[in-house]
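Let me begin by presenting the structure, written as structure tokens, before commenting on it.
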Amino acid sequence: MPAARSAPRAPSAADVLGRVTLVTGKEEFFGERTVGAVRSAVRAHDAEAELSEAAAAELSLATLREMSAPSLFSSTRCVVVRKLEDLPEESVAGLLGYCAAPAEDVALVLVHSGGQKGSGVLTKLRKLGPVTEVKSAELKASEYPSFVINEARSLGARMDQQAATTLVQAVGQDLRSLSAAAHQLTNDFPGETLTEERVKRYFGGRAEAKSFAVADAAFSGRRLEALEELRWALDGGTPAVLITSAFAGGVRGLARFKGARSRSEPDLAREIGVPPWKVRSVRDQARGWSSAALGEAVRAVARADADIKGAASDASYTLERLVLTVTELRER
């Protein structure tokens, strides 16, 4: 199976049964896509196949054998083990032994969430013949339009770079939302080119009032404009988590720009991880930010994101406070 940058070729039962699929990386969307593809291949081969899941922290050789053993209804199984980085040390040898000679009617999927924890186990798994690794690395900001283009292509549609960039600006950098948007456009315009005009008709309306525009206005110090754009975005149904995501991307871009060594815009774009057209606005924003203020902004964005994903009872208040905090930091 190819790297999970876009919709991959659907694996067959022969690709996954009697083998181990190792899913690594931090991008959950790509990881779940791979898990779903393996399950679909198994079910297409045997509609009665048993599907099971376990957390690696609770895995032992005995539980692995139990999950992979034939049931009364089918000998075909698909077993998904999540958070491989939490595998107990005493279970490592047993798992490696199984992966070296997996049961021929079992598709085992091991999901590692990324990071250094558990890297020793990954190194050993990669050396085993029955193991196929599928990487689910996070996308750089400049790669999102290409992701959208590939999604449309996998559905039999064509989309140019400008249309894809406009869709990313309108929807944000949430891969599930972008994939759903590409599916909707493809279904509504079958066999036709997905143009910027069509993207704007469906998702634009006020594309500038989406999450990226709120963050851009705030980091540029335009408080009233940022608050207005925030209200437009929330009233238009933009999820709060996409807005905090846009703020996180904005502050990361500014921090990278501050430490960048490149001079030309194309090189700067690659170094700081933004599309070339975004470099000038990042440069303009950076003039008003000190390193200390950026550090405080990072903490403010992290607090707001945690509140949005946690117990915050009023997302709009949390986001308004974030806008005020960021613009105040820039004024300093």
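The values are calculated or read from the model by the stated rules, or taken from the named source; none is laboratory data. Source: prediction; values computed, not measured. Note: ideal-geometry Cβ built from the backbone for every residue, glycine included; neighbour counts use all protein chains shown. For the accessible areas, the whole protein counts, side chains as well, though only heavy atoms, and no ligand, DNA or RNA atoms are used. Shrake-Rupley method; radii C 1.70, N 1.55, O 1.52, S 1.80 Å.
Side notes on the structure shown:
- Among the residues of segment 279-302, the ones that are surrounded by 18 or more Cβ atoms within 10 Å (Cβ to Cβ) and of a type in the set (K, R) come to 0 in all.
- Looking across A54, A41, one residue alone is farther than 30 Å from Y144 by Cβ and either surrounded by fewer than 21 Cβ atoms within 10 Å (Cβ to Cβ) or at pLDDT 90 or above (or both). It is A54.
- Restricting segment 137-176 to residues that are within 22 Å of P239 (Cα to Cα) and outside any helix (DSSP H, G or I), the residue that is least open to solvent (accessible area, probe 1.4 Å): G172
- One residue from E229, E192, E196, E225 being touching a Gly at 6+ places or on another chain (Cβ under 9 Å) and acidic (D, E): E196
- Helices (runs of 4 or more DSSP H) contained entirely in segment 177-282, each with at least 1 residues that are at pLDDT below 85 and within 20 Å of the chain's Cα centre (by Cα): 211-219, 240-259, 265-272
- Out of R201, R222, sole residue that is open to solvent by 50 Å² or more (accessible area, probe 1.4 Å) and touching a residue at least 60 places away in the same chain (Cβ under 8 Å): R222
- In segment 84-104, residue nearest to V131 (Cα to Cα) [restricted to those that are open to solvent by 30 Å² or more (accessible area, probe 1.4 Å) and more than 31 Å from the chain's Cα centre (by Cα)]: A101
- If you go through segment 236-260 and keep only what is in contact (Cβ under 8 Å) with a residue 40 or more places away in the chain and of a type in the set (F, W, Y), you end up with just F247.
- Of the residues contained in segment 126-135, one or more are found to be crowded, with 17+ Cβ neighbours inside 10 Å and under 15 Å from the mean Cα position of the chain (by Cα).
- If you go through segment 9-37 and keep only what is in a loop (DSSP other than H, G, I, E, B) and buried (at least 19 other Cβ atoms within 10 Å of the Cβ), you end up with P11, L17, G25.
- Picking from residues in segment 283-332 that are under 18 Å from D216 (Cβ atoms) and outside any helix (DSSP H, G or I), the one that is nearest to the chain's Cα centre (by Cα) is W289.
- Close pairs (7 angstrom Cβ cut-off, 6 or more residues apart or separate chains): open to solvent by 60 Å² or more (accessible area, probe 1.4 Å) in segment 303-328, among the hydrophobic types (A, V, I, L, M, F, W, C) anywhere: K309/V241; E320/L227; E320/L230
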